[in-house]
Amino acid sequence: MGHVPGDGSGSPPLLLVASSGGHLAQLLALEPWYRERNRRWVSFDTPDAVSLLRDETVTWAHHPTTRNLRNLLRNLRLAAALVRPARAGAVITTGAGVAFPFVLLAWLQRIPTVYIEVYDRIDTPTLTARLCRPFLSAMLVQWEEQRRLYPEATVVGQLI
C-alpha cells in the first residue's frame, strides 16, 4: 500500500473496483474526476495492476473469479471489511467478477453503486453487469447502442 490518496477531508473513500487488464484501464481513465478525491482501489495482484496502482491505496482481491466459489467467498469477506458507510462513500466499478460482492454489500448498506459497462460489449450485456444491475444506483454505458441493453443507462462516452 502506498500513501492514502485523496482530498484530506476525512470523507469516506470512493471504492474503485475492477479486474486487472482492460477493466482497470477503463476505470483509470477517470483519473481527472477522482484525482482530488479520497479513494481506495480493489483489483488483482497482477503485474499490470501492481504497476498501474503503485502510488495508490490498494486491496488485492482474489482471482480467478469466474466459476470459482472459493474466491467469490474470499472476495465477499474482503468486501465485508471494506464496504461500510464509514469506509466507503460509493462503489464505482467496470467489473468484472470481482465487482459483484462489493456492489451487493454496498447496496445492502445503502452506499451508492455505479457500474460502467465496458466499451467492447455492444451487442450483449456482460454477466457481471447482469448480476449487479438490480443493485445499482447508476448504470453508465460508453456507447449509445448499449442503451438497447440498458435503457435506464446514462451514456458517458468512451473512456479510453
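Which of the residues that make up the stretch 96-114 are part of a loop (DSSP other than H, G, I, E, B) and hydrophobic (A, V, I, L, M, F, W, C)?
Of the residues in the stretch 96-114, the ones part of a loop (DSSP other than H, G, I, E, B) are 96-98, 109-112.
Selection gives Ala96, Val98, Ile111.
Name every residue in the stretch 23-36 that is of a type outside the set (A, V, I, L, M, F, W, C) and surrounded by fewer than 17 Cβ atoms within 10 Å (Cβ to Cβ), in order of residue number. Within the stretch 23-36, Glu31, Pro32, Arg35, Glu36 qualify. Mind checking whether some residue in the stretch 114-123 is touching a residue at least 60 places away in the same chain (Cβ under 8 Å), within 20 Å of Leu15 (Cα to Cα) and within 12 Å of the chain's Cα centre (by Cα)? Within the stretch 114-123 (the criterion being touching a residue at least 60 places away in the same chain (Cβ under 8 Å), within 20 Å of Leu15 (Cα to Cα) and within 12 Å of the chain's Cα centre (by Cα)), the answer is yes, since at least one residue qualifies. When you check Leu159 against the structure, is it surrounded by 14 or more Cβ atoms within 10 Å (Cβ to Cβ) and modelled with pLDDT of 95 or more, yes or no? Spelling it out, it is not the case that Leu159 is surrounded by 14 or more Cβ atoms within 10 Å (Cβ to Cβ) and modelled with pLDDT of 95 or more. Residues of the stretch 145-154 that are exposed (fewer than 14 other Cβ atoms within 10 Å of the Cβ), in contact (Cβ under 8 Å) with a residue 12 or more places away in the chain and of a type outside the set (Asp, Glu): Thr154 alone. If the Cβ limit is 6 Å and pairs must be 6+ apart or interchain, which residue in the stretch 28-55 that is of a type in the set (Gly, Ala, Ser) pairs with which residue that is assigned to a loop (DSSP other than H, G, I, E, B) and at pLDDT 95 or above? Pairs that qualify, where the first residue is of a type in the set (Gly, Ala, Ser) and the partner is assigned to a loop (DSSP other than H, G, I, E, B) and at pLDDT 95 or above, are Ser43/Ser20; Ala49/Ser20.
Looking at Leu108, Leu131, just one residue is under 24 Å from Leu28 (Cβ atoms) and of a type in the set (A, V, I, L, M), and that residue is Leu131.
For the stretch 115-153, how many residues are assigned to a strand (DSSP E or B) and in contact with a helix residue (DSSP H, G or I) (Cβ under 9 Å, 6 or more places away or on another chain)?
Start the filter on the stretch 115-153 by keeping residues that are assigned to a strand (DSSP E or B), which leaves 115-116, 138-141.
Going one step further and asking which of them are in contact with a helix residue (DSSP H, G or I) (Cβ under 9 Å, 6 or more places away or on another chain), we end up with 115-116, 139, 141.
The number of residues fulfilling the criteria is 4.
Can you say whether Thr93 is hydroxyl-bearing (Ser, Thr, Tyr), touching a residue at least 40 places away in the same chain (Cβ under 8 Å) and not in a helix (DSSP H, G or I), as far as the supplied structure shows?
On the way: hydroxyl-bearing (Ser, Thr, Tyr): yes; touching a residue at least 40 places away in the same chain (Cβ under 8 Å): yes; not in a helix (DSSP H, G or I): yes.
Taking the combined requirement at face value, the residue satisfies it.
Taking the criterion of being over 17 Å from Pro32 (Cα atoms) and either assigned to a loop (DSSP other than H, G, I, E, B) or at pLDDT below 75 (or both), the residues of the stretch 9-20 that qualify are Ser9, Gly10, Ser11, Pro12, Ser19, Ser20.
Yes or no: the stretch 69-76 includes at least one residue that is touching a Pro at 6+ places or on another chain (Cβ under 6 Å), surrounded by fewer than 18 Cβ atoms within 10 Å (Cβ to Cβ) and under 19 Å from Leu14 (Cα atoms).
Within the stretch 69-76, one or more residues are touching a Pro at 6+ places or on another chain (Cβ under 6 Å), surrounded by fewer than 18 Cβ atoms within 10 Å (Cβ to Cβ) and under 19 Å from Leu14 (Cα atoms).
Suppose the filter is farther than 16 Å from His23 by Cβ and within 16 Å of the chain's Cα centre (by Cα); does Val83 pass it? Criteria met by Val83. Given Thr66, Thr57, which one is among the β-branched types (Val, Ile, Thr), over 13 Å from the mean Cα position of the chain (by Cα) and surrounded by fewer than 16 Cβ atoms within 10 Å (Cβ to Cβ)? Result of the check over Thr66, Thr57: Thr66.
Against the numbered list (1) modelled with pLDDT of 95 or more; (2) under 19 Å from His63 (Cβ atoms), Met139 comes up short only at (2).
The values are calculated or read from the model by the stated rules, or taken from the named source; none is laboratory data. Keep in mind that what you see is a predicted model, and the values were worked out from it rather than measured. Here the Cβ is made from the backbone with ideal geometry for all residues, glycine too, and neighbour counts use every protein chain on show.
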